[in-house]
Amino acid sequence: MQLRLPITAAQCVAIANTATTATIATIAAIMSIAAIVPAAHANPASDRLATMPEASRALALAGAIQSNGERCPGVIGTFLQGSDRRGNALWNARCTNAEAYVVQVNNDASGSMRVTNCKVALSMNATPCFSRLR
C-alpha cells in the first residue's frame, strides 16, 4: 500500500498487520471520533490516542512513522509534548532502533498526521523531543 502524507489514523490501521482485532478496532475509533467532533473543539484523534493503553498507542504511532517511509521496527515509548495554537497535538515516539520521531496529529476532521525525525525537528529549533512544549 502506498500512502501520501498526511496520513490518517485509518491508514495506520491498514498497515498495522500485526495488531489484534481489538487493537485495530481501538485505533479505528480515532477516525469515528474525529468525524463526529468539529475541529474547533479538542483534538479528538489525539484524545483517543491519549486514552489508549501504551501498547496500542505505540502500535498506532509506529504505523504512522512506517507509512512515512521511516525505519521504525517498533515503538518502545510514547510521550505527549502538548498542542500548538491550532490544537494540533505533538506526540513523540522512540523506536526500537534508537530513532525518535514527532508525530503531529492534526486537529482536523480526518485526524491526519505528519511525521518528523526528532533530530530534524531539533535542527529547526523545535522543542526537544520528550520535553513539554515551551
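Which of the strands (runs of 3 or more DSSP E) found entirely inside region 79-127 contain at least 2 residues meeting this: small (Gly, Ala, Ser) and within 15 Å of ALA60 (Cβ to Cβ)?
Details: elements: 89-95, 100-105, 113-117.
By residue number, 89-95.
Residues to consider are ARG94, ARG57, ARG132; find the one that is in contact with a Leu (Cβ under 6 Å, 6 or more places away or on another chain) and at pLDDT 95 or above.
On the way: ARG94 fails: in contact with a Leu (Cβ under 6 Å, 6 or more places away or on another chain); ARG132 fails: in contact with a Leu (Cβ under 6 Å, 6 or more places away or on another chain).
Within the list ARG94, ARG57, ARG132, the selection yields ARG57.
Among the residues of region 58-76 satisfying the criterion of being free of Cβ contacts under 8 Å to residues at least 24 places away in the same chain and touching a helix residue (DSSP H, G or I) at 6+ places or on another chain (Cβ under 8 Å), which is surrounded by the most Cβ atoms within 10 Å (Cβ to Cβ)?
Taking region 58-76 first, the residues free of Cβ contacts under 8 Å to residues at least 24 places away in the same chain are 69, 74-76.
Checking the rest, the ones that are also touching a helix residue (DSSP H, G or I) at 6+ places or on another chain (Cβ under 8 Å) come to 74-76.
Working: GLY74: 14, VAL75: 26, ILE76: 14.
So the residue we want is VAL75.
Working only within region 45-61, note down all residues that are assigned to a helix (DSSP H, G or I) and either more than 12 Å from the chain's Cα centre (by Cα) or among the β-branched types (Val, Ile, Thr) (or both). Can you show your working first?
Step one: filter region 45-61 for residues assigned to a helix (DSSP H, G or I), giving 45-51, 54-61.
Selection gives THR51, GLU54, ALA55.
Within region 101-112, track down each residue that is surrounded by 19 or more Cβ atoms within 10 Å (Cβ to Cβ) and under 17 Å from SER67 (Cβ atoms). If you could, list the steps in order and put the result at the bottom.
Looking only at region 101-112, we keep the residues that are surrounded by 19 or more Cβ atoms within 10 Å (Cβ to Cβ), and these are 101-107, 111-112.
Those that are surrounded by 19 or more Cβ atoms within 10 Å (Cβ to Cβ) and under 17 Å from SER67 (Cβ atoms): TYR101, VAL102, VAL103, GLN104, VAL105, ASN106, GLY111, SER112.
Any residue in region 113-134 that's surrounded by fewer than 16 Cβ atoms within 10 Å (Cβ to Cβ): show its pairings with residues that are modelled with pLDDT of 95 or more and in a helix (DSSP H, G or I) at Cβ separation under 7 Å, as long as the two are six or more apart or on different chains.
Close Cβ pairs satisfying both conditions: PRO128/LEU122.
The values are calculated or read from the model by the stated rules, or taken from the named source; none is laboratory data. Quantities reported herein were computed from a predicted structural model and do not represent experimental measurements. Note that we place each Cβ from the backbone using ideal geometry, even for glycine, and neighbour counts take in every protein chain shown.
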